[in-house]
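What follows is calculated from the coordinates using simple rules that are stated; it is not laboratory data. Just so it is clear, the structure is predicted and the values come from calculations on it, not from any experiment. As a convention, Cβ positions derive from the backbone with ideal geometry for all residues, glycine included, and neighbour counts pool all protein chains shown.
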Amino acid sequence: MSARYGSHAPDSRAPLGARRAAFGRRALWAATSSRAARGAPSPGLRSGADAAGPSRSSPRIHPPTDRPADGLRLPAAARAGRRARGSGACVLGLTGAALLLVPFLAARVDPVASAVASFRLDPSTSARRLIEAAELAKGRRSPGARTLSSALTLLAAEAQLAAGARARARTLATTVKDAEPRLASRAAFVVARAALPKDCEASLGALDFIASRPVDGEWLPEERLLETRLEAETICKRPAAGLTSRRLALEFPATAVGRLASNGVSFTTGERLQRAETLEKARDYAAAKSELLGLLESESADEARFRLARLELDRLRLDFAGAARLFAEVARAQGGRAPEARYLRARALFRSGDVAAAAAAYEAVIAESPPSPHSGDATFFRAFLEYEAERYTGASERFVRITDGAWAEASQWYAAFSLYLAKKPEAQAALDALAKSAPGPERRRRAEYWAARALSLTDAVAGRRRLLSLADEAPLSWYGLLVRRAYPQSVRGLKPLPTSRSTLTLPRGIGGFERVVDEVRLLAAAGLQDFARRILADAREELRRRKAHEIQAVLSSWAGDYALLSRTTHANFARVLADEPTRDQASVWQRAYPLAYEPALRAHARAGLNRLHLASFMLKESGYDPSAISPAHAIGLLQLMPRTAEAILLARAAGVGSSVDEDAPAGVQTGPPNLFNPLVNIELGGWYLAALSERFGGQLPLIAAAYNAGPPSVVSWFRGRPSVETDVFVENIPFRETREYVKRLSEFYVVYGVVHGGESLERASKVIPTSLDLTVRPGVDF
């Protein structure tokens with residue numbers, strides 16, 4: 001959800017969209033915050049209608065008999081609640097923020113799973129039950145029993161800490177820290193928290209222990225560690241407290257602890273610029289702007305003015321004329337930013353609607369002597385002005401002259417595509433030439449598709465034949481799907497896969513992996529998927545080295561590690577997945593494209609937005625990784641920004657999108673939502689996608705574009721037209737990231753329709769309309 005904040009460049013990567021390249025942090029388990037703990041239940045608990053049983057399209061795991069049916073663990077407490085649903089003895093309702101569970105069904109409930117469920121409900125009252133469960137687990141005769149016992153003991157320590165019993169919490173956590181290296185960092189953090197305020201030295205020692213180990217960001221976010229260190233250093237009166245406080249204020253200024261740490265701190269001009277940059281990355285644009293405005297009278301006024309103008313141009317996007325004026329001031333100052341300011345002024349003028357002034361400004365940059373370092377950028381965007389004005393012949397003439405530099409490849413594409421849009425006879429030859437020199441299959445298919453479309457203008461039969469050939473070669477590609485939509489009766493069909501659950505079993509021989517198999521099995525059965533994933537992560541390299549693919553797949557499913565399940569399936573069955581889905585390979589496709597967190601997907605599907613939509617966006621955004629976090633701080637399965645989540649909550653409270661929210665649970669209402677919690681993330685992301693669907697008429701290409709680039713950007717691309725061909729609209733999306741996002745997301749949805757939806761390829765592909773209705777409708781605008 002980041003392209004809206006990028007530069008308005010036709011092939012720019014400026015959207016902060018390197019999200020998928022930097023995953024790896026999970027929200028801190030909330031041992032010291034009962035509110036947060038209540039908002040982070042095990043993803044294994046099912047709800048509502050979905051508690052009746054696993055989805056038919058989910059892989060069956062066998063053995064063990066207490067298996068998680070689709071990678072989500074349904075703890076014994078929840079299973080018993082399902083059996084007793086009619087009796088009223090157990091209430092299980094998914095709210096998205098939490099699962100309301102009354103798991104105390106005595107003899108019919110596994111005491112281990114029940115203890116874990118009670119911790120999820122209220123950690124401060126669950127310590128005794130967890131200690132008893134840990135003793136019970138320790139007495140089991142199986143390879144993973146001691147690991148389960150350690151995990152339960154650690155939860156008991158967190159429960160004691162939540163209840164204020166610091167000494168007991170410290171004792172229990174120290175036991176785990178010394179006994180189980182794989183849980184040692186998390187246990188050490190409990191020691192660090194429990195030792196305060198009385199024993200600050202022990203707290204610092206525990207924090208130093210954590211710092212000496214590999215980063216364990218899944219459980220221990222850096223700002224939480226720094227906050228605890230600051231508290232300990234302050235109590236111990238360590239001089240380093242000032243440095244820690246400054247680091248929090250500089251590196252995490254958008255967080256509550258960062259704001260608190262900044263009180264009374266005097267920052268240098270350079271540090272204030274750093275804070276502004278960090279605030280911008282966190283998308284707290286108002287705070288970033290305020291920081292920069294405070295520097296306009298400093299010795300760095302020129303730099304602050306430049307950054308303020310760029311913030312307005314690329315992020316705030318409210319006053320482009322004002323941004324142009326600021327860039328002009330920077331240019332007149334003749335400082336180091338002057339050349340870039342002259343170029344960016346031209347861009348700001350264009351965005352303000354003053355096309356003539358923008359053209360003159362670009363020409364001035366191109367004519368600079370000595371040549372401006374931005375002359376290549378200016379040359380490309382001067383050509384793009386002609387393209388945006390639909391003067392395609394003139395645009396092509398300008399683009400074709402750009403043969404080197406960073407914009408050469410994009411220019412050659414726009415030169416050829418402009419000829420097609422101008423309906424020039426030479427368009428086909430230009431596009432064919434691009435197809436022959438294309439660096440990869442996606443670029444080649446794009447050129448071949450439009451070359452065939454160009455041929456159709458003069459020879460409909462020959463053009464149709466070329467298009468059908470493309471669909472036959474790559475039926476699941478964006479361009480293959482476009483052809484199928486245009487000629488549904490002429491392309492080869494593809495039958496749906498069976499929706500019955502495939503069987504995913506452990507192989508007979510698991511030599512050498514007995515312990516990790518039993519550990520993951522027991523932890524998952526207890527509802528401790530986060531612990532199971534941690535244990536599995538420790539064994540992942542050995543599983544890969546010994547090519548234990550089936551074992552890894554089963555363990556990934558038990559642990560609810562859909563990201564690993566999908567990734568390893570793609571790696572191990574690349575040839576199968578490069579072909580069309582077939583019935584005999586259904587299980588491979590179901591593992592490669594799992595319906596992750598299916599109960600939550602079903603719970604938050606709405607009119608116009610089904611579980612397959614949510615699964616497709618989840619795959620595209622995070623690859624099913626609930627701990628995913630981007631450099632821009634987009635979080636979780638659907639990569640929601642904290643500020644976007646807050647806006648969703650406000651919009652829901654105000655009744656925006658009410659027609660798609662009539663049956664929505666009210667679980668996420670107050671307080672900052674825990675976006676690392678899959679249930680919370682899916683609830684909020686599902687609401688937002690449904691609201692986008694309502695605004696854009698349920699048209700998937702527009703919904704996808706709006707999710708990535710923002711609704712205002714998408715509406716600005718309508719240009720007052722009532723409708724447009726889908727292929728032309730998508731190809732003209734000016735952000736490369738958004739353009740490719742729409743294509744890939746559409747491909748994912750079609751695959752899900754065939755693999756899990758019981759749909760033929762023809763039916764699934766109907767999600768891509770041949771033309772788009774560009775009616776401007778009211779609705780969400782963030």
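Tabulated values for the structure
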read-out: Efficiency of FRET from Cβ geometry, D472 and T505, R₀ 30 Å, rounded to 0.05; value: 0.25
read-out: Two-site label geometry, D773 and C236: point separation in nm, points 7 Å out along Cα→Cβ; value: 6.6
read-out: Rg/Rh (Cα only; Kirkwood hydrodynamic radius) as it applies to segment 684-734; value: 0.96
read-out: Between segment 217-277 and segment 129-145, the alpha-carbon center distance in angstrom; value: 40
read-out: Contour minus Cα-Cα distance for T125 and A389 (0.36 nm per residue); value: 88.4 nm
read-out: Per-residue Cβ neighbour rank within 10 angstrom, fewest leading, E409, E448; value: E409, E448
read-out: Charge tally in the Cβ shell below 13 Å around E390, where Lys, Arg are +1 and Asp, Glu are -1, E390 excluded; value: +2
read-out: Backbone HN-Hα couplings from phi across segment 577-585 [Karplus 6.51/-1.76/1.60, Hz, Gly and Pro as x]; value: 7, 7, 9, 7, x, 10, 4, 6, 10
read-out: C-alpha center-to-center spacing [segment 181-206, segment 376-449] in angstrom; value: 60
read-out: Most to least packed among 487-494, 328-335 [average Cβ atoms within 10 Å]; value: 328-335, 487-494
read-out: Theoretical FRET efficiency, 1/(1+(r/R0)^6), r = Cβ-Cβ of D178 and S298, R0 51 Å, to 0.05; value: 0.45
read-out: Local net charge near E132, Cβ-Cβ under 13 Å (Lys/Arg +1, Asp/Glu -1); value: +1
read-out: Neighbour net charge for A438 - beta-carbon separation under 10 angstrom, K R +1, D E -1; value: +2
read-out: Nearby lysines by direct alpha-carbon distance to K547 (threshold 20 angstrom, same-chain neighbours under 8 apart not counted); value: none
read-out: Full-extension gain in nm, D319 to E442, via 0.36 nm per residue minus C-alpha separation; value: 40.6 nm
read-out: Packing-based order for 175-184, 122-131, using average beta carbon neighbours within 10 Å, highest first; value: 122-131, 175-184
read-out: V724 long-range amide H proximity, modeled H, under 5 Å; value: L772, L774
read-out: For segment 344-359, Karplus couplings with θ = phi - 60° (6.51, -1.76, 1.60), whole Hz, Gly/Pro x; value: 5, 4, 4, 5, 5, 4, 4, 5, 7, x, 8, 5, 5, 5, 5, 4
read-out: Order of C200, C236 under a 10 Å beta carbon neighbour criterion, fewest first; value: C236, C200
read-out: Likely footprinting exposure, I733, I402, fewest C-beta neighbours within 10 Å first; value: I402, I733
read-out: Whole-Hz couplings from phi, Karplus 6.51/-1.76/1.60, listed for segment 316-323; x for Gly and Pro; value: 5, 6, 10, 9, 5, 5, x, 4
read-out: Cβ charges +1 (Lys, Arg) and -1 (Asp, Glu), total dipole of segment 267-369, debye; value: 260
read-out: Cα-based reach from K424 at 16 Å (exclusive), listing lysines while leaving out same-chain residues under 8 positions away; value: none
read-out: Positive dipole terminus of segment 267-369, leading residue within A287, A356, Q274 (C-beta point charges); value: A356
read-out: Packing-based order for 238-250, 623-635, 415-427, using average beta carbon neighbours within 10 Å, highest first; value: 623-635, 415-427, 238-250
read-out: Contour minus Cα-Cα distance for A433 and V728 (0.36 nm per residue); value: 104.2 nm
read-out: Separation of the E740 and A422 label points, Cα + 7 Å toward Cβ, nm; value: 2.8
read-out: Candidate lysines for bridging to K198, where Cα separation is under 25 Å - those fewer than 8 sequence places away on the same chain excluded; value: K177, K237
